[in-house]
Each structure stands twice: as structure tokens, then as C-alpha cells.
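Just below is one structure, and these are the notes that go with it.
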Amino acid sequence: MYYLQLFINGIVAGGVYALFAVGLTMVYSVFRFINFAHGELIAWGAYGVLLFASPPFSLPLWLSVFPAILLVIAIALLQNHMVFAPLRNSQPVTLLIASIGLSFLLRSGLQLYFGSDLHSYQTSFYESIDLGGLMISYVQLAMLCLSILFFVILHLLLSKTLTGKSMRAVSDSMELAGIYGIPTRKVSVFVWIISAVFAASGGFLLALDTSLDPMMGLTFMIKSFAAVLLGGVGNVWGALLGGLCIGIIENMGTAFISPGYKDLTAFVLIIVILLFRPQGILGSTIRGVR
Amino acid sequence: MEYLLHIGIVCLIYILFASSLNLELGCAGLYNFGHVGFFAIGSYTTALLTLSGYSVWFGLLAAMLVAGLSGLIFSWPVLRLTGDYFGIASLAFAEMVRLFLLNERWLTRGPMGLPGIPRVEILGYSGNTVTLLTALVITVVSLFCFKKILTSPFGRTLKLIREDEHVARAFGKDVVSFKTRTMAIGSAFGGLAGGLWAHYLGYISPNDFSLQLTVLVLLCVVLGGRGTLLGPIVGAVLVVSVGEGLRFLPLPASMTAGVAHIQSMLFGLVLILLMLRRPQGIIAESHLIQET
């Protein structure tokens, strides 16, 4: 029963990791670089809610989610416009360094405004349901439902709408897609919005379950990177699978090793995956892996 | 005066640290974002040895050896990756080192850190002046080593590998072996810088070796100019003096707690602007063929 509980915790956390990983993998598949600042979108999502829920705005927690998501979308579009778009033709490493700088800038901004201490939301939403020995809190239930909802929406977007189809074309080859008259600018805006919305909502949900920490962005960025690698770089459904795997492995792992090493799981996985299966579990194509 | 000594020592340690990263990042094109991991290994090695009674010199030597060896072991599997993948794997390595130091309390006392690390002592004298002189000698000797490496056939091969691995292979160079040796040398000097750091501050804890330091040292190298000997020196001096100079800004009292964060924001911004405007850094590497 103990293991089942850990397994369920793992699935819940993994669903949210998958939300982060989707953004990371979509940005990679279209722009061909690892957005190190992705973690800061997560953290700003969580802190944005705190910002709008506390004075001078004092919105109810649920209402403040929406301005927070808008804020994160604005950050994502701004970073694309100011930094990543001008650097489009540079080497991936130049973009990676720029995104490290960006992440440092955004995180320090967060620390400057909110301080380095842990925060948590003022809410009484922490009751749990007892399912014959299994405890699932409402927060966890919300995390699970929202992850599923987001992935259904993403699936519909990618397969049914023109923008989604264009995005898949652009990720194959931005140049060719441009030649075919696909509006690549519109697609990049679309990718950044999806990435921002998923990161911000996931960040809020995880912060609701645990707490807000200025360093949370880095931790989750590393985890979602592990998820991306596990699922195969550039593969949206691989990111879902990878996120779930990371969540489950990490939570089951706490039964066997000291909880202090919980965050280590993702790092070890990154190195092991890169060594033995750089194309990921699902990836049969070598595309995107050099 | 004490304060200037402090800045001098910190500058020298950063110069050594940044130059060792420059060997990997600038010369061989290995984007090692986990260099701070080797710095931490060096610090803890010498701290643990000197705290159990060995001399500082033995500690520093051991710091170099252990860090170099870890670089060798780490690079054996990871060097199969290239570009940004290598970068993330090395970043993961540095975080693994930090988590190890944080969790193995029997060895490192975990988050409480190691206090009371002995200072450098020459002929019974100790203090900041002695530390400064020691750091100066060690840094100058190390820089001399780097210069030798850069101008040797070994260094030229590294630059060839950075520019085009396939060409290097076609010339019969064992690329992986060259990279492994570079990682070992770079890590050893990184470990030495870490050792000096530990003996200067007298107290280390795992959280000193976070991503913050990685970004700082990366900034030193990228700002100064990758692949040049002088670049990291200029970069380190600039980064340290700007960082320290910000303390003297006339800020309202409520803001003083935030100086560290403002400093980080500034460094992040500079890193972005550099990538946008001048990715080669202040001192650009000359691409003329030099006869040495």
C-alpha cells in the first residue's frame, strides 16, 4: 500500500513535470536550443499568483492565476523578441549561454522582490480524500485533472488546428516551412504561449502542493530536461511519458534511498539516458540529437 | 587596506578559476557548465585533509589530484556528447556534487559546512598578506602553464578540435583522448582554485558551490574573451570589482539586503547583452596564424 501511495504521488508529480517538459521540448523542436530560462517561467508562474493574491491586488487565489499566466506569457514573448529571435542564426551554445543569463536575471529579480525565503499560499485547500488507505489531497486531484485536460487540449491543438499543424511543419524544417508560406512568426508566438501557459500553470500547481522557493525553477528545469531526454528530444508525447517516468522513479526512489537524494534521481537519469539511449525511449529518429 | 587585500585575493582566485575553465571552454570548445563541481571537490578535499592534520600544501596538492581525477572519470562517459548536451550533463554533475556534499553528513557535516580550515602559513607567518602572496605565486605559475599549453602543439590541436572535429580526426588526432586530457587538466586547476578559496575563507558549505558561481565564472570567461590567455584575467578582474563596487552604491537602507540580487541581475543582463552584441568578449581571439 505504501508503494502504491508513492506510485500515485509519482504520477501526480509526473503529470506536472510533463507540462514543463512539453514547453521545453516544443521550444527545442522549433528553435533548436535548450531554453535554460524555462525554469524561470515556472517560478514566475508560481510567484505571479502570489503577487496577485497579496496586496495591493488581493485577488482570490483562483482569480489571480489568470493575470499570473498573462504575466508569464508576456515574459516568454518578451524574451523571444528581445533575446532569442535576434540570436536565431547563432550557435546553440550561444543561445544556451544567453538563456542562462536570462534565467539568472529573472531569478534574481524574483529574489529581489520576494526575498529568498520560502513562501506558501494562504489557502485552506489542503484536505485529503481517503480511498481505503490511499490519501489523495484535493490539490493532487486538481494537478492530475488539469494535466490530463492540458494534454487533451494540446492534442487537439496540434492535430486539428492549422497553427498546430504549422508548428509541426516548422519543427521539421523552419526554412522549408517558410518557403511553403507557413507564417513562422505566428508559429513561434504560438510555441512560446503554449510553453508559458503550461509552465505557469504547472508551477502554480506544484507550489500549491509544496511551497514557493526562488530556486524551484532550476530544480524543475533540470527535471523537465531529464523528462525531455527520456522521451526523445522534440517529441511532445515522449515528454508526457518522460515526465511521468521521472515523477514515478523519483517518488518510488524515496522508499529506497534517503529523501535528501530525491532531486538527484533526475541528474543521474540525465547522464544515464544520454549515455545509453540518447534518442530517448520513443525516439526512433535521430533528428535533433547530435 | 584589509579590504583591498580581500579584493586582490578574490580576484586572483577567480582568475585561476576562470582560466582553468577557459582551457576547456575557450580552447577545446567544451562547454562545461559544471566547473564549479570540481572547484567544490578541490575545496572539500583540502579542507578535510587539513582539518585532520595534514599540511596546507599537501592539501592543495591533493585537491588538484582529486579534482583532476574526478574530471578524468567524469569525462570518460560524458565526452561522447557534444555541444549543449555536454553542457547540461556537466551542469547535472555539478548539482550532483553539491547534493552529495549536502547529504553525506558523516563526511562533510552537510549544510552546516566545515569551519576552522587552517590558513596558509609560511615560516610561521599567516594572514591576508601571506595568502595574497601565495595566491599570486600559484596563479602566476598556473597562468604560465596555461600559456605553455596554449602555444604547444597540444593547445593548437585543441583549437582545431574546437573549430572542426572531423578535420582533427582526418589528421589522425584522437579527439576523445585530447578532450579527456583537457578536462583532467582544467579540473585539476579548478580544484586548486577551490582549495585556495577554502584556505582563504576558512569556512565552506555546500551552498557556496551553487549555480551562482557557475554563472559568475562563465561570465568571467565569456566577458573577457574565450580562447585567449588575457581574456579570463580581464573578465575576472572586471566581474570581481564591479561586484564589490556595487556595495558602495548609495542605496536606501531598505535596499541594502537586495544588493546581492541586484548584482546577480546585472551579471545576468551583461551575459545576455554579450551574447547579443559581442559574443567574442572584450579581447577577441585573433584568427591570424601566429608563429610561436
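Only protein heavy atoms count here; under a 1.4 Å probe, A:TRP192 has an accessible surface of about 0 Å².
Backbone phi angles across the stretch A:209-219, fed through the Karplus curve with coefficients 6.51, -1.76 and 1.60 (θ = phi - 60°), yield HN-Hα couplings of 6, 10, 7, 9, 9, x, 8, 4, x, 4, 4 Hz in residue order; Gly and Pro are listed as x.
The 1.4 Å probe gives accessible areas that order B:LYS179, B:LYS148, largest first, as B:LYS148, B:LYS179. Listed cross-link partners A:LYS223/A:LYS262; A:LYS160/A:LYS186; B:LYS147/B:LYS173; A:LYS165/A:LYS223; A:LYS223/B:LYS159; A:LYS262/B:LYS179 are compared with a 23 Å cut-off, the Cα-Cα value being larger for A:LYS165/A:LYS223; A:LYS223/B:LYS159; A:LYS262/B:LYS179. Site pair B:LYS147 and A:LEU275 shows an inter-label distance of 4.0 nm when each label is modelled 7 Å from Cα along Cα→Cβ. Note on the stretch A:12-215: semi-axes of the ellipsoid equivalent to its C-alpha gyration tensor, largest first and rounded to whole Å, are 31, 21, 14.
Shown are B:HIS35, A:HIS155, A:HIS119, whose ranking by accessible area with a 1.4 Å probe and every protein chain present, most to least, is A:HIS155, A:HIS119, B:HIS35.
If you take all other residues with their beta carbon under 14 Å from the beta carbon of A:MET82, and give Lys and Arg +1 and Asp and Glu -1, the sum is +2.
Chain A against chain B buries an accessible area of about 3700 Å², both chains summed, 1.4 Å probe radius. The convex hull drawn around the Cα atoms of the stretch A:135-290, when projected onto a plane and averaged over every direction, covers 10.6 nm². Of the whole protein surface, B:LYS173 contributes about 80 Å² of accessible area at a 1.4 Å probe radius. Neighbours of A:ILE136, meaning other residues whose beta-carbon lies under 12 angstrom from its beta-carbon, give a summed charge of -3 when Lys and Arg score +1 and Asp and Glu score -1. Rolled with a 1.4 Å probe across the full set of protein chains, the surface gives B:ILE122 an accessible area near 70 Å². Summing Lys and Arg as +1 and Asp and Glu as -1 over all other residues whose Cβ lies under 15 Å from the Cβ of B:VAL36 gives a net charge of -2.
For the stretch B:80-139, the extents of the C-alpha atoms along the principal axes are 47, 31, 15 Å, listed from largest to smallest.
When the helices of chain A are scored as -39500 (n - 2.57) per DSSP H run of n ≥ 4 and the total is divided over every residue, the value at 222 nm lands at -23500 deg cm²/dmol.
Accessible surface comparison of A:THR219, B:THR108, probe 1.4 Å, protein chains only, largest first: the order is A:THR219, B:THR108. Less than 5 angstrom separates the built amide H of A:LEU212 from those of A:HIS119, A:SER120, all sequence-distant by 5 or more or on a different chain.
Restricted to Cα atoms, the stretch B:133-227 shows a radius of gyration and a Dmax of 16.0, 50 angstrom.
Shape index of the protein assembly as shown: Rg/Rh, with Rg the Cα radius of gyration and Rh the Kirkwood radius from the inverse mean 1/r over Cα pairs, equals 0.97. Surface composition of the stretch B:53-113: carbon plus sulfur atoms hold 74% of the accessible area, using a 1.4 angstrom probe and ignoring ligands, DNA and RNA. Once the mean of 1/r is taken over each pair of separate Cα atoms and inverted, the stretch B:2-208 shows a Kirkwood hydrodynamic radius of 17.4 Å. Along the stretch A:87-92 the Karplus relation, 6.51 cos²θ - 1.76 cosθ + 1.60 evaluated at θ = phi - 60°, assigns HN-Hα couplings of 9, 3, 8, 7, 6, x Hz to successive residues, with x for each Gly and Pro.
Working from label points 7 Å from Cα in the Cα-to-Cβ sense, the A:GLU175 to B:LEU136 distance is 5.5 nm. Using 1/(1 + (r/R0)^6) with R0 = 25 angstrom and r between the beta carbons of A:ALA142 and A:ARG168, what's the FRET efficiency to the nearest 0.05? For R0 = 25 Å, the calculated efficiency reads 0.25.
The values are calculated or read from the model by the stated rules, or taken from the named source; none is laboratory data. Source: prediction; values computed, not measured. Cβ: placed from backbone, ideal geometry, glycine included. Neighbour counts: every protein chain shown. Note: areas computed on protein heavy atoms with side chains; ligands, DNA, RNA excluded. Shrake-Rupley method; radii C 1.70, N 1.55, O 1.52, S 1.80 Å.
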